[in-house]
1. If neighbour count is taken as other Cβ atoms inside 10 Å, put A:82, A:91 in order from fewest to most.
2. Within segment B:119-133, find all residues whose amide N lies under 17 Å from a label point positioned 7 Å from the Cα of residue A:92 along Cα-to-beta-carbon.
3. For chain B, I need the span (max minus min coordinate) of the C-alpha atoms along each principal axis, in Å, sorted largest to smallest.
4. At a Förster radius of 30 Å, what calculated FRET efficiency corresponds to the Cβ-Cβ distance of residue B:66 and residue A:109, to the nearest 0.05?
5. Within a 10 angstrom radius of each residue's Cβ in B:67-75, how many Cβ atoms of other chains show up on average? Whole number is fine.
6. What is the fewest-to-most order of B:120, A:43, B:50 by other Cβ atoms lying within 10 Å of their Cβ?
7. May I ask for the Rg/Rh ratio of segment B:33-94, computed from Cα atoms with Rh as the Kirkwood radius, given to two decimals?
8. Ordered shortest first, which distances in nm separate the 7 Å Cα→C-beta label point of residue B:124 from those of the other copies?
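The numbers here are math on the coordinates, done by the rules we state, and not lab data. Keep in mind that this is a model prediction, so the values were computed, not measured. Because the Cβ atoms are built from the backbone with ideal geometry, glycine has one as well, and the counts that use them run over all protein chains shown.
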DNA sequence: CTATAACTGAAAAATTTTTTCAATAACGAA
DNA sequence: TTCGTTATTGAAAAAATTTTTCAGTTATAG
């Protein structure tokens, strides 16, 4: 496992969760390529690392890893229900997604402060979070 | 039907679609309140306007209306699969969503030009679209 | 009013996601 | 290392969601 991914085991243990083969398999699949994948596809790929892995466990694992911010949902990509590894340490992450291959680039500088402040002023909403997905085509797919 | 919603019939006919009771019922439900609703809930409400409306037709109608930009998907709201009316004429619409009641306020000024340009420069992606959802609480729900 | 083509609802099928539960595996303590 | 506890797993089943099929209905142009 590369240095980049090293932190996840500690992250699980800190919270009282165990480091298991299914969890490792799912995470490794998502780390292997910077693309978003559906639970189904993750299952297919992760089974090559852990033969008996069930799809149910993939769902459960994704829910856990998402909660721990080790994995993130991608809405715009392949059919609105896919997942990608979280690679940055930023707490406010956004995604640039290739609509052809599903490649995901994370970024966090979004210059929305003024916009959000203005929204609050104008609507009276309290602003708690924002999610930005940018869709385009990566260099290879253009 | 209010002046605001008047355009939708023409919009359908232009494209060779028909103006039917089920379509009117779905659209009226979404126009009635500025909140996002699941297909199930839309069905429940729209049946009060058109008794025999089937859930299947709600799905079909939402797909059509979304394609015509009369209705928009909301990911952040109630469980990631809800819909709201499109109320503005802007082509680049974003949403401010109340996480308590599902209220949706549209906005279009997002000041992302620099960010998107920078993303293109940095990653080589061509940028085609972006989707922004802001989550908070509306004045009533605070 | 009529013809025609779009549209609809119901049933069924397909897909996706969650629940249940007995068996298994991870991990701290000895 | 071994053991005991407890989280975790996989399979089956259930539940929920979405799509397909098709015969009957309805909107609309003429």
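1. A:91, A:82
2. B:119, B:131-133
3. Cα spread of chain B along its principal axes, largest to smallest: 54, 42, 28 Å.
4. After rounding, the FRET efficiency stands at 0.45.
5. 1
6. B:120, B:50, A:43
7. 0.97
8. 5.1
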